[in-house]
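Notes for the one structure printed next.
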Amino acid sequence: MLEIDGLDCCYGKVNALRAVSLTVNQGELVTLIGANGAGKTTTLKAISGLLPPVGGSIHFEGEDITQASAKRILALGIAHCPEGRRVFPYMTVQENLEMGCYLRTDRSALTEDMERIFTRFPVLAERRSQMAGTLSGGEQQMLAIGRALMSRPKLVLFDEPSLGLAPNLVERTFDIIMEIRAQGTTVLMVEQNAYAALEMCDRSYLLESGQVALQGTGQDLLDDPHVREAYLGG
Ligand SMILES: Nc1ncnc2c1ncn2[C@@H]1O[C@H](COP(=O)(O)OP(=O)(O)O)[C@@H](O)[C@H]1O
Ligand SMILES: [Mg+2]
């Protein structure tokens with residue numbers, strides 16, 4: 001479904017990704033793990049068209065999207081749930097959800113999708129007219145996930161969905177992500193919590209200094225001595 005081949009990305013002179021290759025097959029939950037600064041967010045930004053790569057290619061369902069605009073990539077069915085649950089603080093919950101499918105013009109389908117999100121996240125329904133900036137961290141995370149789902153994506157990119165959440169909310173967030181996958185949406189998730197990421201995924205890639213250091217099934221990586229030593233606390 002998604003094929004990344006030899007991807008290079010830079011921020012000015014900083015080489016953030018070097019020859020990264022990875023694939024995500026339809027229906028899979030693939031995770032990308034690695035330390036701070038390894039290049040995880042950069043990979044997701046490149047996929048969603050926020051950072052044009054300087055080398056390599058990205059194909060989605062056969063189409064070359066390496067230099068495609070963020071708008072085109074969203075229209076093709078890739079949604080990005082960004083790091084730090086970036087919601088629009090001075091917009092209401094409802095307006096934030098509308099932003100998730102700004103490409104759509106049919107009002108009735110939009111209302112239908114919004115009701116679908118409100119059914120899944122009742123807490124958002126209760127607060128639909130509230131400014132997003134006044135929601136708790138957990139509620140903002142639900143809103144960010146809900147917004148990503150508004151476009152009915154085929155593939156959702158999650159960037160550190162557990163970051164900064166209380167433990168019970170971390171679990172709830174991972175449950176929601178597994179539910180999304182169980183309903184047929186493909187998921188690529190970046191996560192610093194390596195143990196959780198490896199437990200819940202089909203396959204995983206370990207990034208180190210902008211390069212793929214290891215790849216395999218979640219179990220392969222859980223059993224790997226280097227992963228255990230460096231990312232799972234021995
Ligand atoms: N906007 C930016 N400008 C310059 N360097 C950046 C920027 N964003 C990230 N980097 C650098 O790129 C590398 C990869 O960063 P990032 O993809 O954010 O890592 P991760 O998400 O794995 O923590 C790091 O060395 C980081 O310092
Ligand atoms: Mg990051």
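The values are calculated or read from the model by the stated rules, or taken from the named source; none is laboratory data. Values in this document were obtained by computation on a predicted structure and should not be read as measured data. Note: ideal-geometry Cβ built from the backbone for every residue, glycine included; neighbour counts use all protein chains shown. Surface accessibility is based on the protein's heavy atoms, side chains included, excluding ligands, DNA and RNA. Shrake-Rupley method; radii C 1.70, N 1.55, O 1.52, S 1.80 Å.
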**Q.** Hypothetical label at Ser209: residues of the range 1-15 whose amide nitrogen lies under 20 Å (7 Å Cα-Cβ projection)
**A.** 6-15
Q: For every other residue with a beta carbon closer than 14 angstrom to the beta carbon of Tyr11, add +1 if it is Lys or Arg and -1 if Asp or Glu, then tell me the sum.
A: +2
(Q) As a test question: what accessible area, to the nearest 10 Å², does Leu29 have when a 1.4 Å probe is rolled over all protein chains in place? (A) 0
Q: Determine the order of Thr119, Thr92, Thr186 by accessible area, beginning with the largest, at a probe radius of 1.4 Å.
A: Thr119, Thr92, Thr186
(Q) For the chain, set up a GNM with springs between Cα atoms under 10 Å and report which of Gly210, Gly49, Gly12 has the largest fluctuation. (A) Gly12
(Q) Give me the percent of accessible area attributable to carbon and sulfur for the range 2-231, probe 1.4 angstrom. (A) 50
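Rounded to the nearest 5, what is the percent of antiparallel bridges among the DSSP beta bridges in the chain?
Details: 21 of 38 bridges.
Antiparallel bridges: around 55 percent, rounded to the nearest 5.
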Q) Can you list the residues, at least 5 places off or on another chain, whose amide H is less than 5 Å from the amide H of Gly55, using H built in the peptide plane? A) Asp8
Q: Please build a GNM for the chain, connecting alpha carbons under 10 Å apart, and tell me which residue among Ser48, Ser136, Ser108 fluctuates the most.
A: Ser108
Q) With every protein chain in place, what's the accessible area of Phe174 (1.4 Å probe, Å², nearest 10)? A) 20
Q.
Against the empirical 2.2 N^0.38 Å scaling, what ratio does the C-alpha Rg of the chain come to?
A. 0.99
Q) Debye sum, Cα scatterers, the range 7-136, no solvent: what log₁₀ I/I(0) at q = 0.10, 0.18 1/Å? A) -0.43, -1.11
Q: Could you pull out every one of the lysines with an alpha carbon less than 18 Å from that of Lys154, ignoring same-chain neighbours closer than 8 positions?
A: Lys45, Lys71
Q | Förster-model FRET efficiency, 30 Å R0, Ala75 and Glu126, C-beta, rounded to 0.05 | A | 0.45
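Starting from the Cα-Cα distance between Asn168 and Glu112, subtract it from 0.36 nm times their residue separation and give me the gain in nm to one decimal. Kindly include the intermediate steps, with their values, before the conclusion.
Details: separation 56, 0.36 × 56 = 20.16 nm, distance 2.98 nm.
Extra length from Asn168 to Glu112 when fully extended: 17.2 nm.
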Q) For Asn25 and Thr105, what does the FRET efficiency come to when R0 = 22 Å and r is the distance between their Cβ atoms, rounded to the nearest 0.05? A) 0.10
Q) Amide H of Gly216: which non-local residues (sequence gap of 5 or more, or other chain) have their own amide H closer than 5 Å, using H built in the peptide plane? A) Ser204
